[in-house]
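Contents: one structure, followed by commentary.
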Amino acid sequence: MTTPGWAQLRQQIRTLESQTESHFHTLSQYTSSSNLSEKPSPEEESTQSELVDLFSKRENLIAQLSRLLDSESALSTSALKQNNLIRHRELLTDHRSELRRLKSQIAEQRSRQHLLSNVRQDIADSRSAEEQEAEYMLQERNHLDHSHSVIDSVISQAYQINENFGIQRDTLASVNRRITLAASQLPGVNDLMSRIGSKKRRDGIILGSFIAFCFVMFLWFS
């Protein structure tokens, strides 16, 4: 197998250096992307892996250049070849540093984007919780207003009933006075009217208790 010459090795290295620059251009686009995924995409990982592979190939070719240069006699070794070899080594070192820099920038960009995304989500969740709480409070307020309206209606009816009872009580008192006056003039009627009065008081107490019970049950279940 024929050992590659100096010119052939340098041509291969320059080709790999050109491919490295092209991969750097692809990778640098991720540093300014506004829509990075939470984890590196397959394309991003592939580009980084290919760059590492290119570095390894270039390092191997540079080692071959160095051995080839060492095998030449001191008289035939030119300063230009020495400078070329040094330049290839320096460029490989620079490219490795550039890869580390780009990876760091991409990581920072990804972290920044997802931090902002999390903050926006937290704000959205907070607003949603506040809106739900406000809606709940509004429903409770409407329910309370409705309860107050019903209570006012019940109280109004109670006042009206009480007023009717007052009118009926006055009427009954007037009738009772007349009957008592008439009964005082008739033997045995006094005792009968006393019994009727007691029965009416008992019925009034029962009716009042029933109304109070209904009102309490309404307030309890409303």
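The values are calculated or read from the model by the stated rules, or taken from the named source; none is laboratory data. Quantities reported herein were computed from a predicted structural model and do not represent experimental measurements. Note that each Cβ is placed from the backbone with ideal geometry, even for glycine, and that neighbours are counted across all protein chains shown. Each accessible area value is taken on the protein alone, full model and side chains, heavy atoms only, with ligands, DNA and RNA left out. Shrake-Rupley method; radii C 1.70, N 1.55, O 1.52, S 1.80 Å.
Observations on the model:
- In summary, residue 52 fulfils each of the numbered conditions (1) surrounded by 15 or more Cβ atoms within 10 Å (Cβ to Cβ); (2) modelled with pLDDT of 95 or more; (3) under 30 Å from residue 115 (Cα atoms); (4) of a type outside the set (Asp, Glu) with the single exception of condition (1).
- Condition met for residue 103 (in a loop (DSSP other than H, G, I, E, B) and open to solvent by 50 Å² or more (accessible area, probe 1.4 Å)): no
- Close pairs from region 40-66: first in contact (Cβ under 8 Å) with a residue 24 or more places away in the chain and farther than 13 Å from residue 13 by Cβ, partner open to solvent by 70 Å² or more (accessible area, probe 1.4 Å) and assigned to a helix (DSSP H, G or I), Cβ under 8 Å, at least 6 apart: 48/103
- Screening residue 134 against (1) at pLDDT below 95; (2) assigned to a helix (DSSP H, G or I); (3) open to solvent by 90 Å² or more (accessible area, probe 1.4 Å); (4) not hydroxyl-bearing (Ser, Thr, Tyr) leaves a single unmet condition, (3).
- The set of residues in region 1-12 that are open to solvent by 40 Å² or more (accessible area, probe 1.4 Å) and among the aliphatic types (A, V, I, L, M) comprises 1, 7.
- Members of region 35-47 found to be in a helix (DSSP H, G or I) and either of a type in the set (Gly, Ala, Ser) or open to solvent by less than 40 Å² (accessible area, probe 1.4 Å) (or both), listed by number: 44, 46, 47
- The set of residues in region 13-34 that are open to solvent by 70 Å² or more (accessible area, probe 1.4 Å), free of Cβ contacts under 8 Å to residues at least 60 places away in the same chain and either outside any helix (DSSP H, G or I) or farther than 24 Å from residue 104 by Cβ (or both) comprises 14, 18.
- Meets criteria (within 23 Å of residue 95 (Cβ to Cβ), modelled with pLDDT of 90 or more and open to solvent by less than 40 Å² (accessible area, probe 1.4 Å)) for residue 69: no
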